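Undergrad: Below is a structure I'd like to ask you about.
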Amino acid sequence: MFSLSGAGKVLVLERPVVMGIINCTPDSFYSGSRVQQIDQGLRLAEEQIRQGAMILDLGGQSTQPGSEPVAASEEIARVIPLLSEIRKEFPEVFISIDTFQAAVAQAAVDAGADMINDISGGQIDPDIRQIVARHHLPYVLMHLKGTPQTMQGMTSYADVTDAVLQYFERQIDDCQAQGIHQLILDPGIGFAKTIEQNFQLLREWDRFTNLPYPVLVGLSRKSLIYKTLDIDPLLAGNGTTALHMQALLKGTKILRAHDVRPAWETIQLFQALQTD
């Protein structure tokens, strides 16, 4: 059984959990996750907690393909005031900061964040790992080649699953050497992968969940769903649920989702399937 120890609290992953997405950005690809005001963000946080989220993942920078990078100072201004208020209003919830910048991670930890979700796995700003190690926090280690600006041109692999596994092997060793031991693995659906490669990863997902760390899946409303179905991203909720069940059946412990209630319901049905 996995457990995560954050800023004075412990989250036991006895069963899969939902990580709700809150984007303090004007340009994240799904409008339903965007908040611009603190009171709006608090309402979304309250709704996600009520619907079953055990973790809230706050981000101040869009990482969709081709998005423009935001300076750490701007990212801090966007996300830290809301994070601080959520920490005050909901002291028991696990708060994750979605950032690849060390300065943002440190500001979030100072404001009460429990874990760090780094899409770059420390490749963009290596100093972020020092923050994780210093505070003994859980760290979401995601696979990414390049940056959000360049990743869509970096989808060449002999075998994508093998490549991601090899990446994890190297980065796990590096993290442990730096004093980071609470790792969550994210194979990075949609990041430097084609649609076909994303589906290969999902078919072979148990190769990741067989590793001795909990695995997070972030596929909510992504292009592998809406492009495959030829629909608008706003209509991709049903497809998200279908692939969430596949990820759960393959051993996933954390569903990172825009739509918390459907993800929570999927977990309930998955749990019912496991009962003899």
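Quick note: the coordinates plus some simple rules give every number you see, no bench work behind them. A quick note: this is a predicted structure, and the numbers were derived from the prediction, not measured. With ideal geometry, Cβ positions are generated from the backbone for all residues, glycine too; neighbour counts draw on all protein chains shown.
Undergrad: Could you give the length gained on full extension between F2 and L234, defined as 0.36 nm per residue of separation minus the Cα-Cα distance, in nm? Don't skip to the answer; put the middle values down first.
TA: Details: separation 232, 0.36 × 232 = 83.52 nm, distance 3.36 nm.
Result: 80.2 nm gained on full extension.
Undergrad: Another question, then. Which one, M1, S62, I184, projects farthest toward the positive side of the charge dipole computed for the chain from Cβ point charges (K/R +1, D/E -1)?
TA: Sorting the options by dipole projection puts first M1.
Undergrad: Please list 156-165, 97-106 highest first by mean number of surrounding beta-carbon atoms within 10 Å per residue.
TA: In descending order of packing, they fall as 97-106, 156-165.
Undergrad: Next up: Please turn the phi angles of segment 206-212 into ³J(HN,Hα) values with the Karplus equation 6.51 cos²θ - 1.76 cosθ + 1.60 (θ = phi - 60°), one per residue in order, whole Hz, x for glycine and proline.
TA: 5, 5, 7, 6, 7, 6, x
Undergrad: Straight distance only, please: which lysines reach the Cα of K250 with their own Cα at less than 27 Å, same-chain residues fewer than 8 apart left out?
TA: Result set, ordered by chain and number: K145, K193, K222, K227.
Undergrad: For n ≥ 4 DSSP H runs only, could you compute -39500 (n - 2.57) per run for the chain, divide by its residues and tell me the 222 nm figure to the nearest 500? Don't skip to the end; give the middle numbers.
TA: Numbers: 10 runs with 113 residues, N = 276.
So the helix-based figure for the chain works out to -12500 deg cm²/dmol.
Undergrad: If amide H atoms are built 1.01 Å from N in the plane of the peptide, which residues on other chains or at least 5 residues away come under 5 Å of the amide H of M54?
TA: Placed amide hydrogens put V18, G20 under 5 Å from M54.
Undergrad: Scattering from the C-alpha atoms of segment 2-273 alone, worked out with Debye: what is log10 I(q)/I(0) at q = 0.07, 0.08, 0.11 1/Å?
TA: For segment 2-273, the Cα-only Debye profile gives -0.21, -0.28, -0.55.
Undergrad: Here is a further query. Hey, any idea what the orientation-averaged projected area of the convex hull of segment 179-248's Cα atoms comes to, in nm²? It would help to have the intermediate numbers written out before the result.
TA: On the way: hull surface 20.9 nm².
Taking the Cα atoms of segment 179-248, their convex hull projects to 5.2 nm² on average.
Undergrad: GNM on the chain, C-alpha springs below 10 Å: top fluctuator among G153, G239, G122?
TA: Top of the fluctuation ranking is G153.
Undergrad: What spacing in nm lies between the two simple spin-label points modelled at R261 and A242, each 7 Å away from Cα in the Cβ direction?
TA: With each label point 7 Å from Cα toward Cβ, the separation is 2.2 nm.
Undergrad: Mean separation of Cα pairs under 8 Å and 6+ residues apart, divided by the residue count of the chain: what relative contact order is that in percent? Intermediate results must be reported in sequence, preceding the final value.
TA: Details: 523 pairs, mean separation 53.2, N = 276.
About 19 percent, as a whole number.
Undergrad: Mind listing the phi-derived Karplus ³J(HN,Hα) values for segment 250-261, rounded to whole Hz, using 6.51, -1.76 and 1.60 with θ = phi - 60°, and x for any glycine or proline?
TA: Once rounded to whole Hz, the list reads 8, x, 5, 9, 9, 9, 8, 9, 6, 10, 5, 4.
Undergrad: On to the next question. Stretch F199-H136 to full length: gain in nm at 0.36 nm per residue minus the Cα-Cα span?
TA: Numbers: separation 63, 0.36 × 63 = 22.68 nm, distance 3.38 nm.
Using 0.36 nm per residue and subtracting the Cα-Cα distance, I get 19.3 nm.
Undergrad: Normalised radius of gyration for segment 72-218, please: alpha carbon Rg relative to 2.2 N^0.38 Å, two decimal places. Please report the intermediate quantities before stating the final value.
TA: Values: Rg = 15.6 Å, N = 147, 2.2 N^0.38 = 14.7 Å.
Here the Cα radius of gyration is 1.06 times the empirical estimate.
Undergrad: Based on Cβ point charges of +1 for Lys and Arg and -1 for Asp and Glu, what charge dipole magnitude is obtained for the chain about its Cα centre, in debye rounded to the nearest 20?
TA: Details: 22 positive and 32 negative charges, 52 e Å.
Dipole size: approximately 240 debye.
Undergrad: Next question, about the same structure. Read phi for every residue in segment 19-25 and hand back ³J(HN,Hα) as whole Hz from Karplus 6.51 cos²θ - 1.76 cosθ + 1.60, θ = phi - 60°, with x for Gly and Pro.
TA: Values, residue by residue: 9, x, 9, 10, 9, 8, 9 Hz.
Undergrad: For V215, which sequence-distant residues (separation of 5 or more, or a different chain) have an amide H within less than 5 Å of its own amide H, given hydrogens modelled in the peptide plane?
TA: Here L185, K253, I254 satisfy the definition.
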